[in-house]
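The values are calculated or read from the model by the stated rules, or taken from the named source; none is laboratory data. Since the model is a prediction, treat every value here as computed from it, not as a measurement. For neighbour counting, all protein chains shown are included, and Cβ atoms are generated from backbone atoms with ideal geometry for every residue, glycine included.
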Amino acid sequence: MPGGFAPPGPEGGPAVLRMTGITKDFPGVRALNGVDFRLLPGEVHALMGENGAGKSTLIKVLTGVHSADSGEVSLDGAPLTIGSPKQAQAAGISTVYQEVNLCPNLTVAENVFIGREPSRLGRIRWKETRRRAAELLARFQLDIDPAAPLASYSLAVQQLVAIVRAVDISAKVLVLDEPTSSLDREEVERLFTVMRRLRDDGVAVLFVSHFLDQVFDISDRMTVLRNGRLVGEFETRALSRVELVGYMTGRVLRTLEELHAPREDVREAIASREPVLAARGLGRKGGIAPFDLDVHPGEVVGFAGLLGSGRTEAARLMFGADGADSGTVEVGGSVSALRTPGAAIGRGVAFCPEDRKTEGLVGELTVGENIVLALQAARGWLRPLSAARRAELVGKYITALSINPPDPDIPARNLSGGNQQKVLLARWLITQPRLLILDEPTRGVDVGAKAEIQKLVVSLAGDGMGVVFISAELEEVLRISHKIEVLRDRAVIAEIANETDVTPERLLEIIANGVAP
């Protein structure tokens, strides 16, 4: 690790589970590269890393979804071959995913014992099923009716029922993959109470979460991955938040002198204008805590935070892709109910989503069809663009954004990632928005395309457009933003002016500690 970090390696110990030298390749990418991992009985162990670090792949190898290309797995000291999730369960490894994979139309008891119901002479003994379910639920202090439909309970309770089922199937290793992503604070604490009880009973709990506070609250140890490699294994109590973020991101905490914040007089002039968008108390339960935000004409507002911090959730609320359950939004000085993307587009708000392939670009359509899609939707399908006007607009934006190849009739899926991103930008720019929300617009594009997109954002702001710019690359946020919203654990925790003394290291410290230093 650069910067003098010397992460300790795994020590010897009575591990219930060991994974040694795990390597997994997919076409064009090595997802895991010789990763070692161990779990001790009676611990909560956090698996940490940013997007693409290899966490999900490691879990899928452990649970039989993927087969490793090389490496070994052992359970209780004995070699273990896991060829399917069913084999993993039979060996004593159960997984509860972020999305509860139970049957909400069935009762709680039926979900706990589905496929394993007590029976006699081929007939299910329903009274016995409910009695045994009640005993299991009581063990975890879940005061719910085993005969009630699972759908009648909250997502948090459904998650706990999934854990009860998993523990009853096999109680050696329990994998919890982002179990708190849709829970509020009280529900999280209820889940943690169950996790601590399992730990005290000797179960090894593997916990995956992007919420730093939760990780430090519940875990005994943690393993950090980065770019498919093991960074280190740590005792939680011996690791600071700043060190953890540094290990996850690979960043050394030093000043990057090459970054230059926007001048103070420019920031002040922009802030004196009436906001193009003003959010007050805008929030969504399970998505992001209520936040305030002003975006002025000509201002680039950067969103900084780790994956899962709430950046995308905030953007989707401002665009109406998700419905807010608190707060108001003013666009152009008047309160707007941006309950749908169509309403947002009508008020001059545009949004380029993070996942351009599944939520943005329509790969089967041509470049030209993709570019005019939003404009045509705003006009309504009863007012189609003429062929001449369509060709004029498409040609203008292909040239302005240097989309290559400059052929409007080829399928958009055939373009490179950077050019696909330019097509999405063209789609929204053609609508002449007041506010442009960009969620990871430079992810997965080459250096040249990244620089072009950054220059374009600065140019658009210079022409008076308000821009919200979301990126996991802190240097990028600092390079083009006038002010920065810092997010953590699905809440805006600080707003700071992008002054000359603001560095990636300072942002990391705010993210790690939860407050501005």
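What are the residues in segment 363-393 that are touching a strand residue (DSSP E or B) at 6+ places or on another chain (Cβ under 9 Å) and either in contact (Cβ under 8 Å) with a residue 60 or more places away in the chain or under 18 Å from Gly348 (Cβ atoms) (or both), if any?
The one that is touching a strand residue (DSSP E or B) at 6+ places or on another chain (Cβ under 9 Å) and either in contact (Cβ under 8 Å) with a residue 60 or more places away in the chain or under 18 Å from Gly348 (Cβ atoms) (or both): Ala374.
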Quiz prompt | Selection count, segment 404-449, where residues are modelled with pLDDT of 80 or more, of a type in the set (Asp, Glu) and over 21 Å from Ala461 (Cα atoms) | solution = 2
Exercise. Just give me the residues in segment 217-258 being surrounded by fewer than 17 Cβ atoms within 10 Å (Cβ to Cβ) and either farther than 23 Å from Gly52 by Cβ or modelled with pLDDT of 95 or more (or both), in sequence order.
Key: Asp217, Asp220, Glu235, Arg237, Ala238, Ser240, Arg254, Thr255, Glu257, Glu258
Quiz prompt | Hits in segment 175-233 - residues which are touching a Phe, Trp or Tyr at 6+ places or on another chain (Cβ under 6 Å) and among the aliphatic types (A, V, I, L, M) | solution = Leu176, Val194, Ile218, Met222, Val224, Val231
Quiz item: Does segment 189-199 include one or more residues that are under 29 Å from the mean Cα position of the chain (by Cα) and not in a helix (DSSP H, G or I)?
Solution: no
Self-check item: Residue that is surrounded by the fewest Cβ atoms within 10 Å (Cβ to Cβ), among those in segment 75-99 that are in a helix (DSSP H, G or I) and not hydrophobic (A, V, I, L, M, F, W, C)
Solution: Lys86
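Matching residues to (1) assigned by TED's automatic domain parsing to the domain that holds Lys396; (2) of a type in the set (A, V, I, L, M, F, W, C); (3) in a helix (DSSP H, G or I):
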residue: Thr442; (1), (2), (3): no, no, no
residue: Ala472; (1), (2), (3): no, yes, no
residue: Glu475; (1), (2), (3): no, no, yes
residue: Glu485; (1), (2), (3): no, no, no
residue: Glu495; (1), (2), (3): no, no, no
residue: Asp501; (1), (2), (3): no, no, no
Exercise. Filter segment 126-165 down to residues that are surrounded by 14 or more Cβ atoms within 10 Å (Cβ to Cβ), without any contact (Cβ under 8 Å) to a residue 24 or more places away in the chain and either farther than 26 Å from Thr193 by Cβ or in contact with a strand residue (DSSP E or B) (Cβ under 6 Å, 6 or more places away or on another chain) (or both), then give me how many there are.
Key: 2
Quiz item: What are the residues in segment 104-124 that are at pLDDT below 85, assigned to a loop (DSSP other than H, G, I, E, B) and out of contact with any Lys or Arg (no Cβ under 7 Å at 6 or more places or on another chain), if any?
Solution: Pro104, Ile114, Gly115, Arg116, Glu117, Leu121, Gly122
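When you scan segment 259-296, how many residues do you find that are assigned to a loop (DSSP other than H, G, I, E, B), at pLDDT 80 or above and buried (at least 18 other Cβ atoms within 10 Å of the Cβ)?
Adding up the residues that qualify gives 4.
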Quiz item: Is there a residue being in contact (Cβ under 8 Å) with a residue 40 or more places away in the chain, in contact with a Phe, Trp or Tyr (Cβ under 8 Å, 6 or more places away or on another chain) and over 20 Å from Leu317 (Cα atoms) anywhere in segment 417-426?
Solution: yes
Quiz item: If you check Ala391, Ala374, which single one turns out to be surrounded by 14 or more Cβ atoms within 10 Å (Cβ to Cβ), among the small types (Gly, Ala, Ser), in contact with a Ser or Thr (Cβ under 6 Å, 6 or more places away or on another chain) and not assigned by TED's automatic domain parsing to the domain that holds Gln454?
Solution: Ala374
Practice problem: Please go through segment 498-514 and pick out each residue that is without any contact (Cβ under 8 Å) to a residue 12 or more places away in the chain and either in contact with a Ser or Thr (Cβ under 7 Å, 6 or more places away or on another chain) or of a type outside the set (Lys, Arg) (or both). | Solution: Asp501
Quiz item: Within segment 319-345, restricting attention to residues that are assigned to a loop (DSSP other than H, G, I, E, B) and free of Cβ contacts under 8 Å to residues at least 40 places away in the same chain, which residue is surrounded by the most Cβ atoms within 10 Å (Cβ to Cβ)?
Solution: Leu338
Quiz item: In segment 297-318, which residues are surrounded by fewer than 22 Cβ atoms within 10 Å (Cβ to Cβ) and farther than 27 Å from Met248 by Cβ?
Solution: Pro297, Gly298
Self-check item: Failed item in (1) of a type in the set (Gly, Ala, Ser); (2) outside any helix (DSSP H, G or I); (3) surrounded by fewer than 21 Cβ atoms within 10 Å (Cβ to Cβ), with Ala350 passing the rest
Solution: (3)
Quiz item: Does any residue of segment 394-403 turn out to be aromatic (Phe, Trp, Tyr), in contact (Cβ under 8 Å) with a residue 12 or more places away in the chain and over 25 Å from Ala314 (Cβ atoms)?
Solution: yes
Quiz item: With Glu476, Glu499 as the choices, which residue is modelled with pLDDT of 80 or more and under 30 Å from Phe216 (Cα atoms)?
Solution: Glu476
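Restricting to segment 200-210, give me the number of residues that are buried (at least 20 other Cβ atoms within 10 Å of the Cβ) and outside any strand (DSSP E or B).
So the answer is 3.
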Quiz item: If you check Glu72, Glu50, which single one turns out to be among the acidic types (Asp, Glu), in contact (Cβ under 8 Å) with a residue 40 or more places away in the chain, assigned by TED's automatic domain parsing to the domain that holds Val35 and not in a loop (DSSP other than H, G, I, E, B)?
Solution: Glu72
Exercise. Could you pull out the residue among Glu364, Glu359 that is in contact with a Pro (Cβ under 7 Å, 6 or more places away or on another chain) and part of a helix (DSSP H, G or I)?
Key: Glu359
Quiz item: Right, Ala90: of a type in the set (Gly, Ala, Ser) and in contact (Cβ under 8 Å) with a residue 60 or more places away in the chain or not?
Solution: yes
